[in-house]
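Working notes, structure below.
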Protein chains: 2
Amino acid sequence: MADEATTQGERSAPHRSTSDLSERQRIVLRAVVEDYVLNAIPVGSQALVDRYGLLVSSATVRSAMAELEALGLLSHPHTSAGRVPSDLGYRIYVESLMRESALDNADQLMIRHQFSQVQLTSNEWLRLAASILATSTRSAAVVTPARARRAKYGHIQLVELSDQTRMAVLVLGDGNVVQRRLDRGAIDRLAQGQATSQAELDAAAAALNAELSGLSAPQVRRRATKLNPLPAHVAEVVAQMLEEADHIAVEEVFTDGIVNVLEQPEFAEGAKLRGVLEVLQRSDFLEQLVPVLTRRGGVTVIIGHENVNDAMHEVSLVFAPYGNTDSALGLLGVLGPTRMPYPRAIPTVRYLSTLMNELISSHSGETHD
Amino acid sequence: MADEATTQGERSAPHRSTSDLSERQRIVLRAVVEDYVLNAIPVGSQALVDRYGLLVSSATVRSAMAELEALGLLSHPHTSAGRVPSDLGYRIYVESLMRESALDNADQLMIRHQFSQVQLTSNEWLRLAASILATSTRSAAVVTPARARRAKYGHIQLVELSDQTRMAVLVLGDGNVVQRRLDRGAIDRLAQGQATSQAELDAAAAALNAELSGLSAPQVRRRATKLNPLPAHVAEVVAQMLEEADHIAVEEVFTDGIVNVLEQPEFAEGAKLRGVLEVLQRSDFLEQLVPVLTRRGGVTVIIGHENVNDAMHEVSLVFAPYGNTDSALGLLGVLGPTRMPYPRAIPTVRYLSTLMNELISSHSGETHD
DNA sequence: ATTAGCACTCTCACCATTAGAGTGCTAACG
DNA sequence: CGTTAGCACTCTAATGGTGAGAGTGCTAAT
């Protein structure tokens, strides 16, 4: 169960397993991590025996700590300070020291209940998921809508809004909707030089819907050559829309709880804060995440320097994909300081990803409650 | 021209006009504001004569400053510090001291050019507007899409996405699009208990489009009673969608340049920062802004405590509405510290609002370039 | 009305000192 | 041999004192 949560850390050479550690080292490391996660102050040997009922003296703990430091799992801000887990220390903790449990039943019910309260809009689901993640892990949450890897044509609607404006509304195969204004001049020229009527637009839309269903951008382009001038022109626009939809658009990413992160003492000063905020605003780090997440499925934890993105060396990610891997894929997870409550974050992310799966794949069938 | 930029400060009793001030006071106040806006450090009498070529001695300036302080336009962090403008001081400055010019031609062209580069998506426009505002004023920019005060039915499309999923995509009268999943169970029951086909959905959509065009939520509800079961059921959903669209949804607000604000020295420490960020995230302050902005049109400046929202006593807003006041209305503007470069922000906001007007009302007609 | 001069106030940077926390080492102990 | 008590050592963080500098407000002279 706990080993589902793994990492992209495979390149960092010696994959140190828990078996390298003595029982005492394991206990001490776990205690250090948990204490530091809780209090954000480097933890000393004495504090550890006091607070965790260890049956040995502080001196013994000290030597264990020294060993762990030699292994690179703990570090030392300065001579007379307590120990702090290193990224690698957190990694070992996450992989084999952490007592991870599934989300308890009360929490699960509470979350389900919130979802049942909400309107059937997928945007509302996403917002809610982000909000739940953020409050329950006290980190920043990020949720992207589920989208097909390659956008496919679903169904189009051409609307005359006013004399001046015609609009194309394209429903993608994955249920997402993209819209675009049409250049009226170009359209009218194609339709016998007259102002196009709604009827003509409907006819064009019907032609497109008959021809293009399920096609991707290049396929649409190829097929367009066989159409009449007006539908052909729109088909080109459609192809562009499909291409754009192939990226995760920042505007569609739901985030919540950014303040949770900024409140953490490690981001008290401006510089680091700025970096985090910038990353979070333009959420392009998500694009880099997609391949990693899909390759392994389940919950992925990326701790500090394990992240390839320089700006994120001070933070950890706990993310999972959701949705049907090939037809529609979304990402969801939390971002927080490396000093993150992993035993809480991981099950929450896991649970929410399965929940979103249910919602997305079979909404209407069974009622889940 | 400068008096277009006014405020909601009318309730604060003595509307002190510029005529109350001597010429010297005016010069000193202007210099203090401009220096402080530039350097963010309280400005002393000596610095003022040095930097602004005043032909008087520092002692004279000091007495002028003392007068201004008595009038409540300047204030004094502590005995031996320089002066800082008060909210009221900024107000006077904005209303009658500031040398505001229209945006110069180069800037205008540069902005227009950027808009011409971009795809015809209205979302892209909004994003671009936010980005331009943010970079050119070095503040946080906020742009909402233009939406009708009361959402009106435009055109609907009912799509069968998969066996399980049917979706309603509603184009509003103002060109915005809202979507919603339909409860398949309910629908099938209405359609003779069979799985509804795309053809049936199309028929229902056609019926709705014929009946509901231009109607608001309550009107749709009333009309629904006269429809067949399936369209009637969808009409109810439509009414709900229209109602939801009547709020400014946070998800649709485009912000940019938040970091610009957080970099400002006045937000160096955590507490204030937190407030600002929270306000900016859940952008409900915009709702409060709508009536004020529409009542007066043009650019509105709200400085520090003039804002009714407690969390925004440390910041200033420079906002303008855009769009056709009755058919579709959007907001755009910047948020920054009270120490804001008003002479730059105001013309920029003004220009962008007129530009968005052009884009929105007649996009296709004339080419603007 | 303006200005030079001056006493006064307050901040800020600098320094020294100290208390406390925590370590690492060593020697003693079971 | 692992564990522990004891102790010297190091580093931080808080405290307080000092002095320079900036800026004011007042007064008296121009």
Query raised in the report: Residue check, A:ILE258 against (1) more than 9 Å from chain B (Cβ to nearest Cβ); (2) in contact with a strand residue (DSSP E or B) (Cβ under 8 Å, 6 or more places away or on another chain), all met but one. Which one?
Result: (1)
Report summary line: When every residue in segment B:116-149 that is among the aliphatic types (A, V, I, L, M) and assigned to a helix (DSSP H, G or I) is compared, the one farthest from B:ASN260 (Cα to Cα) is B:LEU126
Query raised in the report: In segment A:47-62, which residues are assigned to a helix (DSSP H, G or I) and loosely packed, with under 14 Cβ neighbours inside 10 Å?
Result: A:ASP50, A:ALA59
Query raised in the report: Got a sec? Which of A:LEU215, A:LEU208 is touching a Pro at 6+ places or on another chain (Cβ under 6 Å) and either surrounded by fewer than 16 Cβ atoms within 10 Å (Cβ to Cβ) or modelled with pLDDT of 90 or more (or both)?
Result: A:LEU208
Query raised in the report: Does B:LEU273 qualify as being surrounded by 17 or more Cβ atoms within 10 Å (Cβ to Cβ), of a type outside the set (Phe, Trp, Tyr) and under 28 Å from B:THR121 (Cβ atoms)?
Result: no
Query raised in the report: Filter segment B:208-229 for residues that are within 14 Å of chain A (Cβ to nearest Cβ) and part of a helix (DSSP H, G or I); which is farthest from A:LEU359 (Cα to Cα)?
Result: B:ALA210
Query raised in the report: Inside segment A:156-185, can you point out the residues that are touching a strand residue (DSSP E or B) at 6+ places or on another chain (Cβ under 8 Å) and more than 7 Å from chain B (Cβ to nearest Cβ)?
Result: A:ILE156, A:LEU158, A:GLU160, A:ARG166, A:ALA168, A:LEU170, A:LEU172, A:GLY173, A:ASP174, A:ASN176, A:VAL178, A:LEU182
Report task. Tell me which residues, restricted to segment A:123-146, are touching a Gly at 6+ places or on another chain (Cβ under 9 Å), buried (at least 22 other Cβ atoms within 10 Å of the Cβ) and either small (Gly, Ala, Ser) or under 19 Å from B:GLU160 (Cβ atoms) (or both). Result -> A:ALA130, A:ALA134, A:SER139, A:ALA140, A:ALA141, A:ALA146
Query raised in the report: B:GLU251 is checked against (1) modelled with pLDDT under 85; (2) surrounded by fewer than 15 Cβ atoms within 10 Å (Cβ to Cβ); (3) outside any helix (DSSP H, G or I) and fails just one. What number does that condition carry?
Result: (3)
Requested in this report: Might you let me know whether segment A:120-133 holds any residue that is away from chain B (no Cβ under 14 Å) and touching a strand residue (DSSP E or B) at 6+ places or on another chain (Cβ under 9 Å)?
Outcome: yes
**Report entry** Single unsatisfied condition, A:GLU263 versus (1) surrounded by 18 or more Cβ atoms within 10 Å (Cβ to Cβ); (2) within 10 Å of chain B (Cβ to nearest Cβ)
**Finding:** (1)
Report summary line: segment A:269-369: helices (runs of 4 or more DSSP H) wholly inside it with 2 or more residues that are within 15 Å of A:LEU133 (Cβ to Cβ), at pLDDT 90 or above and under 12 Å from the mean Cα position of the chain (by Cα) are A:342-361
**Report entry** Residue list for segment B:65-100, restricted to those being more than 8 Å from DNA strand C (Cβ to nearest atom), more than 29 Å from the chain's Cα centre (by Cα) and among the small types (Gly, Ala, Ser)
**Finding:** B:ALA66, B:ALA70, B:GLY72, B:SER75, B:GLY82
Report summary line: Flagged in segment B:30-55 as touching a Lys or Arg at 6+ places or on another chain (Cβ under 8 Å) and more than 20 Å from B:GLU95 (Cα to Cα), in numbering order, are B:ALA40, B:PRO42, B:VAL43, B:GLY44, B:SER45
Requested in this report: Identify the residue in segment A:27-73 that is over 13 Å from A:ARG83 (Cβ atoms) and of a type in the set (Ser, Thr, Tyr) and, among all such residues, is farthest from DNA strand D (Cβ to nearest atom).
Outcome: A:TYR52
Report task. Give segment B:137-165 a look and list any residue that's at pLDDT below 85 and in contact with a helix residue (DSSP H, G or I) (Cβ under 8 Å, 6 or more places away or on another chain), or say none. Result -> B:GLN164, B:THR165
**Report entry** Residue match in segment A:98-116 (condition: farther than 21 Å from A:GLY298 by Cβ, small (Gly, Ala, Ser) and either surrounded by 15 or more Cβ atoms within 10 Å (Cβ to Cβ) or within 16 Å of DNA strand D (Cβ to nearest atom) (or both))
**Finding:** no
Query raised in the report: Pairs under 6 Å by beta carbon, first residue modelled with pLDDT of 95 or more in segment B:16-37, partner among the hydroxyl-bearing types (Ser, Thr, Tyr) and surrounded by fewer than 21 Cβ atoms within 10 Å (Cβ to Cβ), six or more apart or different chains?
Result: B:ALA31/B:TYR52
**Report entry** Residues of segment A:230-248 satisfying the condition of being within 14 Å of chain B (Cβ to nearest Cβ) and at pLDDT 90 or above
**Finding:** A:HIS233, A:VAL234, A:GLU236, A:VAL237, A:VAL238, A:ALA239, A:GLN240, A:MET241, A:LEU242, A:GLU243
Query raised in the report: Taking segment B:41-64, which residues are touching a residue at least 40 places away in the same chain (Cβ under 8 Å) and within 35 Å of the chain's Cα centre (by Cα)?
Result: B:ILE41, B:PRO42, B:VAL43
Requested in this report: Identify the residue in segment A:66-88 that is part of a strand (DSSP E or B) and in contact (Cβ under 8 Å) with a residue 40 or more places away in the chain and, among all such residues, is surrounded by the fewest Cβ atoms within 10 Å (Cβ to Cβ).
Outcome: A:VAL84
Report task. Go through (1) free of Cβ contacts under 8 Å to residues at least 24 places away in the same chain; (2) part of a helix (DSSP H, G or I); (3) charged (D, E, K, R) one by one and return the number of the condition A:GLU200 breaks. Result -> (1)
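The values are calculated or read from the model by the stated rules, or taken from the named source; none is laboratory data. Please read all numbers here as calculations on a predicted model, not as lab measurements. No Cβ is skipped: glycine too gets one built from the backbone with ideal geometry, and neighbour counts run over all protein chains shown.
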